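The values are calculated or read from the model by the stated rules, or taken from the named source; none is laboratory data. Quick caveat: nothing in here was measured; it's all calculated off a predicted structure. Here the Cβ positions follow ideal geometry from the backbone for every residue, glycine too, while neighbour counts run over all protein chains shown. Keep in mind that these areas ignore ligands, DNA and RNA; they rest on the heavy atoms of the full protein, side chains included. Shrake-Rupley method; radii C 1.70, N 1.55, O 1.52, S 1.80 Å.
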Amino acid sequence: MATPAPKSGPGNLATFNILHGFPEALVRGMRSSFLADADYHHLTQCETLDDVRLNLSETDYMDALADMGTLIPTGLQKAAVEKLVTEFKYLRTQAIEPLSTFLDFITYEYMIENVMLLLKGTLSGRDINELIAQCHPLGMFKESTMRSIPTFESTPRGYQDLYQTVLVDTPVGPYFAQFLQESSDRSEVSNVLEEVEIEIIKSSLIKYWIEDFAKFVDALGGETAVIMGDLLKVRADTNAINITLNSFGTPLNEPAMRASDRKRLYPSVGHLYPAGTSMLADVGDEDELGRVLELFPMYSSIWNVHAAGSDGKSIDDAFYERDVQMLELAFEGQMHYASFYAYVKLKEQEIRNLVWISECILQQQKEEIHKFVPVFSFNAPWRAGSNKHSRR
């Protein structure tokens, strides 16, 4: 839709290393930078944030925290994200087509989130500098573009001008164009952005991004199409399930809107598509949702975690655990691009872990401190079985 098909594939056994051997070697080397089980053990034993900083000084985060005065969770998160962005940008500078476009696709998700954050902040009258500070660095446009987004009036005409003069020139502009085009079939284009909830707009744009990314990956072929294609299918299914679950108690769950507005938000890719998403469009409460997911073994276990509420786990926790397992396995294959996507997403999980641990210490909630999902852990539930086998 938005991105043309690649002119060439990622290469094969004979050519992949010639084209992409160096950046792949870099990302596989970066895998060694993840915190180990011993690091997490030491962090969870810390009594103060100074102890956290002392323990992190012996890890790959040493340089990122060197200039930080007092360690606080938000400061730790910012430093860790900036470190990830620096690494990602270096990988991007070493990439050639079609890997460079693949890496660009990863950033489009953050661009969408940043634009929606600015639009939502504009409606609530928040300060532009505060909003820009909260934007993800991987999704930043030129500063002039970022600052121009909130300057348009909160009127139908103002939003139309916003798209035509600013968003149309951004990499995610085609997704906005598709949203406006599809919405115009039901109402006047000039009224769309004012009347539709910001979160619905965001869900629509993420849907178009997933579909576009999946189409690009499929055109690449080879192991990239298989491994990355599966990751995107699971991402699409996760979005569909969350959209359905979050719609309960909102106008989107009204019978007249389930098969129209809500169903339009489901990506047209994934393991649930098309039979599963058609059934999701008809559910009206959690019991019905559970009965639909019971038909799909890979999601029934996740739903059971949510339904049971055992160990204080939410459905998001179950999704995170499943995602970490799949992303780790992406590093096991050779000569494909999925490892680049996996590295970014696994680093994000590690950053969430660090923020969670530091928040628990700061708020003296040590009984909650172990509720995180470690990355490349030998103690992971899905890996524990093979470890027991290997010791026999």
Residue set 108, 40; condition in a helix (DSSP H, G or I), within 20 Å of the chain's Cα centre (by Cα) and not hydrophobic (A, V, I, L, M, F, W, C); output residue 108
If we ask which residues in the range 221-239 are of a type in the set (A, V, I, L, M, F, W, C) and either over 17 Å from the mean Cα position of the chain (by Cα) or over 27 Å from residue 263 (Cβ atoms) (or both), their number turns out to be 3
Within the range 48-77, the residues that are farther than 17 Å from residue 34 by Cβ and not aliphatic (A, V, I, L, M) are 48, 50, 51, 53, 67, 69, 70, 73, 74, 75
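Table: residues versus (1) modelled with pLDDT of 95 or more; (2) out of contact with any Asp or Glu (no Cβ under 8 Å at 6 or more places or on another chain); (3) more than 30 Å from residue 211 (Cα to Cα).
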| position | (1), (2), (3) |
| --- | --- |
| 11 | no, yes, no |
| 25 | yes, yes, no |
| 36 | yes, yes, yes |
| 43 | yes, yes, yes |
| 46 | yes, yes, yes |
| 64 | no, no, yes |
| 69 | no, yes, yes |
**Report entry** Verdict on residue 211 being in a helix (DSSP H, G or I), open to solvent by 60 Å² or more (accessible area, probe 1.4 Å), out of contact with any strand residue (DSSP E or B) (no Cβ under 6 Å at 6 or more places or on another chain) and modelled with pLDDT of 90 or more
**Finding:** no
Pairing a residue in the range 332-359 that is touching a residue at least 60 places away in the same chain (Cβ under 8 Å) and basic (Lys, Arg) with any residue that is part of a helix (DSSP H, G or I) and open to solvent by less than 10 Å² (accessible area, probe 1.4 Å), where Cβ atoms lie under 7 Å and the two sit 6 or more apart in sequence or on different chains, gives 347/84
Only one of 324, 344 is within 30 Å of residue 180 (Cβ to Cβ) and either part of a loop (DSSP other than H, G, I, E, B) or open to solvent by less than 10 Å² (accessible area, probe 1.4 Å) (or both), namely 344
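So which residues in the range 119-141 are aliphatic (A, V, I, L, M) and at pLDDT 90 or above? I'd like the intermediate steps shown before the answer.
Within the range 119-141, the first condition is being aliphatic (A, V, I, L, M), and the residues that meet it are 119, 123, 128, 131-133, 138, 140.
Passing the criteria: 131, 132, 133, 138, 140.
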Inset, instruction - Using the structure shown, decide if residue 140 is free of Cβ contacts under 8 Å to residues at least 24 places away in the same chain and touching a helix residue (DSSP H, G or I) at 6+ places or on another chain (Cβ under 7 Å). - result: no
Selection from the range 168-197 of residues of a type in the set (A, V, I, L, M, F, W, C), in a helix (DSSP H, G or I), modelled with pLDDT under 85 and surrounded by fewer than 16 Cβ atoms within 10 Å (Cβ to Cβ) yields 189
Out of (1) closer than 30 Å to residue 225 by Cα; (2) in contact with a Pro (Cβ under 7 Å, 6 or more places away or on another chain), the one residue 257 does not meet is (1)
By residue number, the members of the range 111-139 that are assigned to a loop (DSSP other than H, G, I, E, B) and either among the acidic types (Asp, Glu) or under 15 Å from residue 348 (Cβ atoms) (or both) are 127, 136
Residue 235 passes all but one of the listed conditions (1) at pLDDT 85 or above; (2) in contact with a Phe, Trp or Tyr (Cβ under 6 Å, 6 or more places away or on another chain); (3) open to solvent by 30 Å² or more (accessible area, probe 1.4 Å); the exception is number (2)
Wholly inside the range 254-317, helices (runs of 4 or more DSSP H) that include 2 or more residues that are of a type in the set (Gly, Ala, Ser) and open to solvent by 30 Å² or more (accessible area, probe 1.4 Å) are 275-280, 297-308
